[in-house]
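Chemist: Structure in structure tokens, see below.
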Amino acid sequence: MKKMAWMAALLVIGLSVAANAQKPDADAQKIQEDYTAAFDKGDAKAIAALYTADGTRLGPDGSWLVGRAAIEKVYADGFAGPLKGAKLTLTGGHTQVVTTDVKVIEGRFLVAGLAAIKGRYVNTIVRRGKAWQIASVVTITDPPAPK
């Protein structure tokens, strides 16, 4: 009987931990929604504004960008060319709270446009005053499907 009670208690604790682990992080969701909205509008300036002044971005093509101006230029060029009319879908995954002012978020992305690009991202966001900003983005495309 005691064994059953312990097993039931462990199950309840396990389910509670799992439920809390799957609860979406509001800060991560807000950044994700703002990024998606700006991308879908083709608004490079709004995307760059989500980053810290010295924010970094490792693009899916391996490009390394530092600072809002560089990030804005790459997106402006993309929205005028291969990303014109493209739509972004971000699916949040795990959020790790490093400190009260630093979080690491990971998930998946899909860019639908001329050609679909999909993969994973890992972002570090930092609190600046009351707002959260992106300090770094790392994106990795999925490998090609086996033939």
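The values are calculated or read from the model by the stated rules, or taken from the named source; none is laboratory data. Since this is a predicted model, take the numbers as computed values, not measurements. Please note: Cβ atoms are built from the backbone with ideal geometry, for glycine as well, and neighbour counts cover all protein chains shown.
Chemist: Go through (1) part of a loop (DSSP other than H, G, I, E, B); (2) surrounded by fewer than 16 Cβ atoms within 10 Å (Cβ to Cβ); (3) touching a residue at least 40 places away in the same chain (Cβ under 8 Å) one by one and return the number of the condition residue 83 breaks.
Modeler: (2)
Chemist: Then there is this: When you scan segment 55-77, do you find a residue that is surrounded by fewer than 18 Cβ atoms within 10 Å (Cβ to Cβ), among the basic types (Lys, Arg), over 17 Å from the mean Cα position of the chain (by Cα) and farther than 22 Å from residue 27 by Cβ, even just one?
Modeler: yes
Chemist: Within the group 135, 131, which residue is more than 18 Å from residue 42 (Cα to Cα), at pLDDT 95 or above and either out of contact with any helix residue (DSSP H, G or I) (no Cβ under 8 Å at 6 or more places or on another chain) or surrounded by 14 or more Cβ atoms within 10 Å (Cβ to Cβ) (or both)?
Modeler: The conditions single out 135.
Chemist: Also, quick follow-up: Quick one: count up the residues across segment 94-109 that are touching a Lys or Arg at 6+ places or on another chain (Cβ under 7 Å) and either loosely packed, with under 15 Cβ neighbours inside 10 Å or of a type in the set (Phe, Trp, Tyr) (or both).
Modeler: 5
Chemist: Return yes when residue 115 is surrounded by fewer than 17 Cβ atoms within 10 Å (Cβ to Cβ), within 30 Å of residue 144 (Cβ to Cβ) and at pLDDT below 90 and no when it is not.
Modeler: The answer is yes for residue 115.
Chemist: Which ones in segment 100-132 are within 15 Å of residue 90 (Cβ to Cβ) and of a type in the set (S, T, N, Q)?
Modeler: Scanning segment 100-132 gives a single hit, 123.
Chemist: Output the residues belonging to segment 118-142 that are part of a loop (DSSP other than H, G, I, E, B) and either in contact with a Ser or Thr (Cβ under 6 Å, 6 or more places away or on another chain) or closer than 21 Å to residue 86 by Cβ (or both).
Modeler: Result: 142, single match.
Rundown of residues vs (1) among the acidic types (Asp, Glu); (2) assigned to a loop (DSSP other than H, G, I, E, B); (3) at pLDDT 95 or above, yes/no style:
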| position | (1), (2), (3) |
| --- | --- |
| 24 | no, yes, no |
| 34 | yes, no, yes |
| 61 | yes, yes, no |
| 105 | no, no, yes |
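Chemist: Failed condition for residue 142, given (1) under 18 Å from residue 42 (Cβ atoms); (2) under 17 Å from the mean Cα position of the chain (by Cα), with all others met?
Modeler: Residue 142 satisfies every listed condition except (1).
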